[in-house]
Amino acid sequence: NIKIPGWRTQPDLLLDLNNITDDELNQAHSSQKHILLEYANSHSQIAISKDILTIGFARRAAEYKRARLIFSDLDRLVKLGKNKLQIIFAGKAHPKDERGKDIIREVVENANKLKGSVKIIFLENYNMSLGHLITSGVDIWLNTPLRPNEASGTSGMKAALNGIPNLSTLDGWWAEGCIHGENGWAIGSPDSCDDQLDSESLYQLLEDEVIPTFYNDRGKWTEMMRSSIQGATGFTAHRMIKEYQQKFYQNQEQEVLSST
């Protein structure tokens with residue numbers, strides 16, 4: 001708000017970030033990451049580090065969202081992620097959704113299996129405040145829905161506005177918003193829905209693109225953060241309401257006037 005006053009009501013102002021330096025952008029994110037990790041470490045016995053690439057996955061526990069996809073090959077996850085990745089999970093299942101509870105239970109079980117290799121924590125009591133901490137404090141936003149089941153993916157939009165690149169299957173908003181390699185990465189093919197192929201793509205992207213860029217090319221990573229913010233300006237409630245007004249209400253008004 002200090003650097004770009006009014007962006008909340010005029011999100012297109014975020015298309016021009018020239019008055020925000022790379023250092024300022026990185027410092028803003030570091031501050032949010034510090035807040036998240038401080039909270040996470042106070043609620044977990046696993047101490048996660050500010051210097052490690054942090055993946056966020058927080059949403060309702062539903063089968064099609066495939067929270068366990070990243071655990072498809074534990075040996076490979078350890079090989080590519082040891083001392084390089086840490087993952088923060090959060091989410092809830094409906095009290096009567098036993099399958100949703102099983103998903104959360106399996107995430108926690110896999111986290112325990114990887115203890116000492118890849119740090120993974122599940123934060124309980126997921127709510128809007130915790131969602132805000134995670135979508136603003138992680139380094140990369142993971143979303144792995146089984147196409148074409150994702151209606152929107154609002155958490156990814158929120159993360160993007162916070163300068164966090166998305167790593168997602170091409171479903172929901174990401175099918176329209178992804179510019180692969182510029183504001184994030186696309187997992188798998190838009191023409192297939194296959195757990196094995198998608199998990200292979202996820203591992204390959206982490207190993208060959210996401211991890212090397214984060215650790216070895218901070219300039220490119222910062223540019224991706226900028227592109228993430230700029231790309232997300234087209235996916236705001238402000239745009240949605242404006243389109244409703246222009247395409248529906250104004251058209252209705254014109255139809256009424258023309259019929260009288």
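For ILE211, the solvent-accessible surface with a 1.4 Å probe is about 10 Å², rounded to the nearest 10.
Heavy-atom accessible area for HIS34, with the other protein chains in place and a 1.4 Å probe, reaches approximately 110 Å². Per-residue ellipticity at 222 nm computed for the chain from its helices equals -13500 deg cm²/dmol, with DSSP H segments shorter than 4 residues left out and the rest contributing -39,500 (n - 2.57). Distances between placed amide hydrogens fall under 5 Å for ILE187 paired with SER168, THR169, LEU170, all partners being 5 or more residues away or on another chain. Just to confirm the filter: which GluC sites (Glu not before Pro) across the stretch 145-253 are DSSP coil and have at most 16 other Cβ within 10 angstrom of their Cβ? Those that pass, being in a loop and sparsely packed, are GLU182.
Using the Cβ-Cβ distance between ARG218 and ASP75 with R0 set to 35 Å, the FRET efficiency works out to roughly 0.75. Taking the Cβ of GLU124 as the center, what net charge do the other residues with Cβ under 13 Å away carry, scoring Lys and Arg +1 and Asp and Glu -1? Taking every other residue near GLU124 into account, the sum is +3. The string of couplings for the stretch 44-50 from the Karplus curve (6.51, -1.76, 1.60, θ = phi - 60°) is 8, 8, 9, 7, 9, 10, 5 Hz, one whole number per residue in order, with x for Gly and Pro. Looking at the chain alone, DSSP beta bridges between its own residues are antiparallel in about 0 percent of cases.
Scalar couplings 3J(HN,Hα) for the stretch 98-111, obtained by applying the Karplus form with A = 6.51, B = -1.76, C = 1.60 to θ = phi - 60°, are 5, 5, x, 5, 5, 4, 4, 4, 6, 4, 5, 4, 5, 4 Hz; x denotes Gly and Pro. Close amide H contacts of ALA90 (hydrogens built in the peptide plane, cut-off under 5 Å, sequence separation of 5 or more or a different chain): PHE57, ALA58, ARG59, LEU123.
Backbone phi angles across the stretch 164-177, fed through the Karplus curve with coefficients 6.51, -1.76 and 1.60 (θ = phi - 60°), yield HN-Hα couplings of 9, x, 8, 10, 8, 5, 7, 9, x, 5, 5, 4, 9, x Hz in residue order; Gly and Pro are listed as x. Here each label is just a point 7 Å from Cα along the line to Cβ, and for SER49 and HIS34 those points are 1.9 nm apart. Calculated from the structure at hand, Cα extents along the principal axes in Å is found among [x] 48, 44, 39; [y] 47, 40, 39; [z] 72, 45, 35 as [z].
Summing charges over all other residues whose Cβ lies under 15 Å from the Cβ of SER30, with Lys and Arg as +1 and Asp and Glu as -1, gives -3.
Listed by chain and number, the lysines whose C-alpha is less than 17 Å from the C-alpha of LYS158, apart from same-chain residues fewer than 8 away, are LYS33. Within the full protein context, the accessible area of LYS113 is estimated at about 140 Å² for a probe radius of 1.4 Å.
Distance from the alpha carbon centroid of the stretch 10-58 to that of the stretch 141-192 works out to 19 angstrom.
The values are calculated or read from the model by the stated rules, or taken from the named source; none is laboratory data. These numbers come from a predicted model, not from an experiment. Quick reminder, even Gly has a Cβ in these numbers, built from the backbone with ideal geometry, and neighbours come from all protein chains shown. Just the protein is used for accessible areas: all its heavy atoms, side chains included, with ligands, DNA and RNA removed. Shrake-Rupley method; radii C 1.70, N 1.55, O 1.52, S 1.80 Å.
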